[in-house]
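Here's the structure we're looking at; comments come further down.
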Amino acid sequence: MTNLLDMRNLVAGYGYGPDIIHDFNLQIKKSEVKCIIGPNGAGKSTVLKAITGVLKPRSGAVEFEGKDIAGKEAYQIMRQGICFLPQERAIFPNMTVAENLKMGTYSLQDKRLAEERIHHAIETFPVLGERLHQLSGTLSGGQQQQLVYARAFAIQPKLMLIDEPSLGLAPALVEQTFQHIANIASSGIAVILVEQNAFRGLEAADYGVVMDLGKLVFEKPANEVLQDQRIRELYLGKAAKQ
Amino acid sequence: MMQVLQVVILGLALGFVYALMVSGLTLIFGVMRIVNLAHPILIITGAFVSYWLFILIGLDPILSVPLAAIVVAFLGIVLYKLVFEKDAAKQTYSEMTVLLTFGMAMVIDGILAFFFHNTQRITSPSYATDAIFIGEIFIPTAQLYSGLVSVTIITALALFLKYSNFGVAIRATSQNRTSAELVGVNVKLVCLVSFAIGCGLAGSAGALVSFVFSFFPSRHWEWIAIMMSLVVLGGMGSITGAVIGALILSVVSSLVSAYYSPAWSTMVFFLALFVVLLFRPQGLFGVRVD
């Protein structure tokens, strides 16, 4: 099977600063879930930003479905079928829940299909259906999180990139969020996940990608990474010792 | 009682014109965080377009509203491409844009003064000196018409932002630029178009101003602070806030003018500016900007 995303020798960094990631390679096939783990500052989030065009790569190639997308604008890359959920809560606070969901189908020309997708998203997240006309900034944290995932459902991307989904969430919400991610993965969408909570992230993934100092250390099936004694001590921290 | 109502109605009519004058300013700030101090001189530019169309071919200033809007919008596109596109529209340089647009205002002021001199002008269509009576209430037609046209344009703007696809994209960009990009909004295009719309609104306000106030190029210095006080009270970036801020301050300043002294009416704007910045810097409807 051919690669959905093929990233080769990628170099990226911010502003006039040094390179944050060096010669990074990453491939993902349809319906795969990969979790990138590594210590703080390893460049995990930077990889996602460079794929999605939020950050322009300095060099290297990024191909999506065989098409070169490196250096394209974020909105163009999104329209190819890549959805990015950044760390910060990505809602439009002064818009209603319905308007937020509608933004998920913004670039869709077919209005009937758009309606269907929004309808489907509301069915999957019934709590939002009860609050369609509420300003999303007034939702609770958990509901805002649901809105972000519901909107991603409405986008129906081929590849979804999720940056630190559990960051700053209460334990109950972490479980809920990983449930959303499992739903996304089971619907056939490929997922690349960056997760500080490496243990939980690897559990949700098929493959674990270990990064350090902007470089790929190795990539293995997720359960093997979980068993790897060195990784357990280095990156999994307290969770591993239990 | 009747007299109070009279003053309030005059204040409201003028308030809607003020609201139109600041709507473009607050739109541009909302989307790009550009504090456009050149906005008032763009209004004067629009006033000159209407003035000359009236003098040269006798075109009624209300009919030249769209023309003044188009001319100033086009000027806005040129300014945006020359000055703003590279850095200033990135939502991170608000402080820099104050200085940048201040300089720009001086340049446009200088160019206008070079060609047209700082003499007071006003377009004088037949209705400019007329008035109508509703019962005992007297309304000068110039203020009535300009108020009505302003309401129409602001309503059109609000409907455009609320319901049109592009309007929704503009609102999304002003609320969360990265997210807008990530759902497929062409943010660069949104910025350019919002800037053009904001300048077009300045131009249309200029056409109305040309027969309501006498104007000359340097008049804009006096308007900068007044317009800032209106948007600061309403909340920078909020159109609703700008309209409400403009109506409140316009009515209050009319009341002060009628019952205390016209000399003190302008003070209302500056006092409001101080008080709002001290106690509620985000204004009535604004959000705190980090």
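Computed values, structure above
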quantity: Residues of region B:63-90 satisfying the condition of being open to solvent by less than 50 Å² (accessible area, probe 1.4 Å) and either under 9 Å from B:Ala207 (Cα atoms) or touching a residue at least 60 places away in the same chain (Cβ under 8 Å) (or both); calculated: B:Ser64, B:Val65, B:Ala68, B:Ala69, B:Val72, B:Ala73, B:Gly76, B:Leu79, B:Tyr80, B:Phe84, B:Ala89
quantity: Region B:158-199: number of residues that are open to solvent by less than 10 Å² (accessible area, probe 1.4 Å) and more than 12 Å from chain A (Cβ to nearest Cβ); calculated: 5
quantity: Output for region B:94-122, where each listed residue is surrounded by 18 or more Cβ atoms within 10 Å (Cβ to Cβ) and among the hydroxyl-bearing types (Ser, Thr, Tyr); calculated: B:Thr97, B:Thr101
quantity: Any helices (runs of 4 or more DSSP H) falling wholly within region A:116-226 and containing at least 3 residues that are over 29 Å from A:Phe64 (Cβ atoms) and open to solvent by 10 Å² or more (accessible area, probe 1.4 Å); calculated: A:126-129, A:141-155, A:171-186
quantity: First in region B:153-176 and within 13 Å of B:Val187 (Cβ to Cβ), second anywhere and part of a helix (DSSP H, G or I) and not hydrophobic (A, V, I, L, M, F, W, C), Cβ under 7 Å, 6 or more apart; calculated: B:Ile170/B:Ser194; B:Ser174/B:Gly30
quantity: Residue list for region A:21-37, filter: open to solvent by 10 Å² or more (accessible area, probe 1.4 Å) and over 20 Å from A:Lys72 (Cβ atoms); calculated: A:His22, A:Asp23, A:Lys29, A:Lys30, A:Ser31, A:Glu32, A:Lys34
quantity: Complete set of residues in region B:88-121 that are over 25 Å from B:Pro61 (Cβ atoms), touching a helix residue (DSSP H, G or I) at 6+ places or on another chain (Cβ under 7 Å) and of a type in the set (A, V, I, L, M); calculated: B:Ala88, B:Ala89, B:Met96, B:Leu100, B:Met104
quantity: Hits in region A:52-67 - residues which are of a type outside the set (S, T, N, Q) and more than 12 Å from chain B (Cβ to nearest Cβ); calculated: A:Lys56, A:Pro57, A:Arg58, A:Gly60, A:Ala61, A:Val62, A:Glu63, A:Phe64, A:Glu65, A:Gly66, A:Lys67
quantity: Single residue of region A:77-132 satisfying the filter (among the β-branched types (Val, Ile, Thr) and under 24 Å from A:Ala190 (Cα atoms)) that is nearest to the chain's Cα centre (by Cα); calculated: A:Ile82
quantity: Subset tally (residues that are within 19 Å of B:Asp87 (Cβ to Cβ) and assigned to a helix (DSSP H, G or I)) for region B:30-60; calculated: 3
quantity: Filter result for A:Phe92 (aromatic (Phe, Trp, Tyr), assigned by TED's automatic domain parsing to the domain that holds A:Ser136 and open to solvent by less than 50 Å² (accessible area, probe 1.4 Å)); calculated: yes
quantity: Some residue of region A:68-82 being open to solvent by 10 Å² or more (accessible area, probe 1.4 Å), out of contact with any Phe, Trp or Tyr (no Cβ under 9 Å at 6 or more places or on another chain), more than 14 Å from chain B (Cβ to nearest Cβ) and at pLDDT below 90; calculated: yes
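So that you can scan it fast, the table gives a plain yes or no per residue for (1) among the polar types (S, T, N, Q); (2) out of contact with any Ser or Thr (no Cβ under 9 Å at 6 or more places or on another chain); (3) in a loop (DSSP other than H, G, I, E, B):
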site	(1), (2), (3)
A:Asn40	yes, yes, yes
A:Met78	no, no, no
A:Glu88	no, no, yes
A:Phe92	no, no, yes
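Here's the yes/no breakdown for (1) within 19 Å of B:Val49 (Cα to Cα); (2) at pLDDT below 90:
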residue: B:Arg121; (1), (2): yes, no
residue: B:Ser124; (1), (2): yes, no
residue: B:Thr129; (1), (2): no, yes
residue: B:Thr141; (1), (2): no, no
residue: B:Leu144; (1), (2): no, no
residue: B:Val151; (1), (2): no, no
residue: B:Phe160; (1), (2): no, no
residue: B:Ser164; (1), (2): no, no
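The values are calculated or read from the model by the stated rules, or taken from the named source; none is laboratory data. What you see is a predicted model, and the numbers here were worked out from it, not measured in a lab. All Cβ positions, even for glycine, are placed from backbone atoms using ideal geometry, and neighbour counts span all protein chains on display. Protein only, heavy atoms only, side chains kept; ligands, DNA and RNA dropped before computing areas. Shrake-Rupley method; radii C 1.70, N 1.55, O 1.52, S 1.80 Å.
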